[in-house]
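So the structure is just underneath, and the comments pick up after that.
Derivation of every value follows stated rules applied to the coordinates shown; laboratory data play no part. Given the structure is predicted, the values throughout are model-derived calculations rather than measurements. FYI the Cβ positions are ideal-geometry reconstructions off the backbone, even for glycines, and counts take in every protein chain you see.
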Amino acid sequence: MDFKGQDILSTEQFSKEDILRILDVARTFEAVAEKRETSELLKGKVMASLFYEPSTRTRFSFETAMKRLGGQTITAVGQDYSSLSKGESLWDTAKMVEAYADVIVVRHPAEGSAAEMARGSNVPVLNGGDGPGQHPTQALLDMYTLMKEQGNIDGLTVMMSGDLKYGRTVHSLCMLLRHFDVKMIFSSPDELKMPVSYLDDLRGRGVAFEECSTLEEGLKKSDVVYATRVQGERFTDKEQYERLKLAFVLSKDLLKQCNEKITVMHPLPRVGEITTDVDSMKGAAYFRQAANGVQVRMALLALVLGKV
Ligand code: NCD
């Protein structure tokens, strides 16, 4: 794919070659992301970040990426403080922001919102999470982390646990992993299973996966566990949320019993799904994973702005 001018809306748009290219470019930005070198590559460029849902890592790492490459950022946080609260459409917002910025990053609670903005905008739109839909830039940094922690992706058994129904990060990740020689294990309460559309896609391509309803079962067989938060904000039934929120908890004890050498990932924020005693384990990769967001988002910005 020619990245220049492209929107990044869903991981379904990438071929294996595209994924490897992004990871390669991200590697070249590692020294700048880690503050060992400086760069002016995106000097004169402006990124608009429109975050209509809470975010810490995604917005900060995008803005850090832009600034450390010499670019600038303008930011809107929360619908209350933007014209969306006055009833302006996403299409109109995008049409206008394209006049101010060279690239737009958007997070919004509705699935399909980033695609709607992309229809209104002539500058690239990057999806920073559209409700329970997709989170493609997170999935790319997850692939980068897998590569870095494990040395390669082919041959791995990757288990995803927790809220696979509403968790957009796992939706995006499985659509990238399907291009590699991996096995996926989906471990969740029955009510929070991976949506059928994703499973059908994997089945159709002959990608190996299994579903299981306890953590122990999958942990024994996995090289990597990717835990997720139960997405309270997506539930209409709050009692159901209370019942499920801590159904799948990874603790040091459990990991030691099952597979001490496992790499533990999580997109964060964690709210109890990984106990803090796991933090000192060698395989606890979640904070390193969050840090990797900077070089991966640098790569995406540079690619869509035609600078690499
Ligand atoms: C995730 C998200 O927003 O989908 N966070 C992130 O971007 N790192 C995960 C979550 O909120 O549970």
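Stretching the chain fully between Phe287 and Val249 yields a gain of 11.9 nm (0.36 nm per residue, less the alpha carbon separation).
Here's how it looks for Glu210: its modeled amide H is under 5 Å from those of Met184, Ile185, Phe186, which are all 5 or more places away or on a different chain. Ranking Leu141, Met96, Ala115 by how far each Cα lies toward the positive end of the dipole of the stretch 39-152 (charges on Cβ) leaves Leu141 at the top.
Against the main long axis of the alpha-carbon atoms of the chain, helix 90-100 sits at an angle near 60°.
Pairs from the table (Lys183/Lys261; Lys16/Lys67; Lys35/Lys95) lying more than 27 angstrom apart at Cα are Lys16/Lys67; Lys35/Lys95.
Basic side chains Lys and Arg get +1 at the Cβ, acidic Asp and Glu get -1 at the Cβ, and with that the dipole of the chain about its Cα centre reaches some 760 debye.
By the Kirkwood approach, averaging reciprocal distances over each pair of separate Cα atoms, the stretch 168-308 gets a hydrodynamic radius of 16.7 Å. Backbone amide hydrogens, once placed in the peptide plane, bring Thr75 within less than 5 Å of Ser49, excluding anything fewer than 5 places away on its chain. Partner aspartates and glutamates whose Cα lies under 19 Å from the Cα of Lys221, excluding those fewer than 8 positions away in the same chain, are identified as Glu149, Asp154, Asp181, Glu210, Glu211, Asp253, Glu260.
Charges were assigned to the Cβ only: +1 to each Lys and Arg, -1 to each Asp and Glu. The resulting dipole of the stretch 232-308 about its Cα centre is roughly 380 debye. Each 20 Å bin from zero up to the one holding the largest Cα-Cα distance in the chain carries the following percent of pairs: 34, 58, 8.
Counting only alpha carbon atoms, the long axis of helix 168-177 and the longest principal axis of the chain meet at about 80°. Mean sequence separation of contacting Cα pairs (under 8 Å, at least six apart), scaled by the length of the stretch 234-306, corresponds to a relative contact order of 30 percent. Taking the helices alone, the chain has a mean residue ellipticity at 222 nm of -11500 deg cm²/dmol, built from -39,500 (n - 2.57) per DSSP H run of at least 4 residues and averaged over all its residues. With contacts taken as Cα pairs under 8 Å and at least 6 residues apart, the chain reaches a relative contact order of 21 percent. Taking the Cβ of Phe186 as the centre, find all other residues whose Cβ is under 14 Å away and add up their charges (Lys, Arg: +1; Asp, Glu: -1). The answer is -2.
Magnitude of the charge dipole for the stretch 92-209, about its Cα centre and with charges confined to Cβ atoms of Lys, Arg (+1) and Asp, Glu (-1), is about 160 debye. Gain on full extension, evaluated as 0.36 nm per residue between Ala208 and Phe60 minus their Cα-Cα distance, stands at 49.7 nm.
Give me the angle, in degrees from 0 to 90, between the Cα long axis of helix 286-304 and the longest principal axis of the Cα atoms of the chain, rounded to the nearest 10. The angle comes out at about 40 degrees. Comparing Ser83, Ser61, Ser113 in a Gaussian network model of the chain, where Cα atoms under 10 Å apart are tied by springs, the biggest mean-square fluctuation is seen for Ser83.
For the stretch 114-205, the equivalent ellipsoid built from the Cα gyration tensor has semi-axes of 24, 18, 12 Å, listed from largest to smallest. Sorting Met159, Met194 by the number of Cβ atoms found within 10 Å of their own Cβ, with the fewest placed first, yields Met194, Met159.
The GluC sites (Glu not before Pro) of the stretch 10-59 that DSSP puts in a loop, and whose beta carbon has at most 13 other beta carbons within 10 Å, are Glu34, Glu37, Glu40. Which of rounded, prolate or oblate describes the stretch 232-299 when judged by the alpha-carbon gyration tensor and an a/c cut-off of 1.5? Verdict is oblate for the stretch 232-299. For the chain, modelled as a GNM whose springs connect Cα atoms under 10 angstrom apart, the maximal fluctuation among Gly70, Gly128, Gly293 occurs at Gly70.
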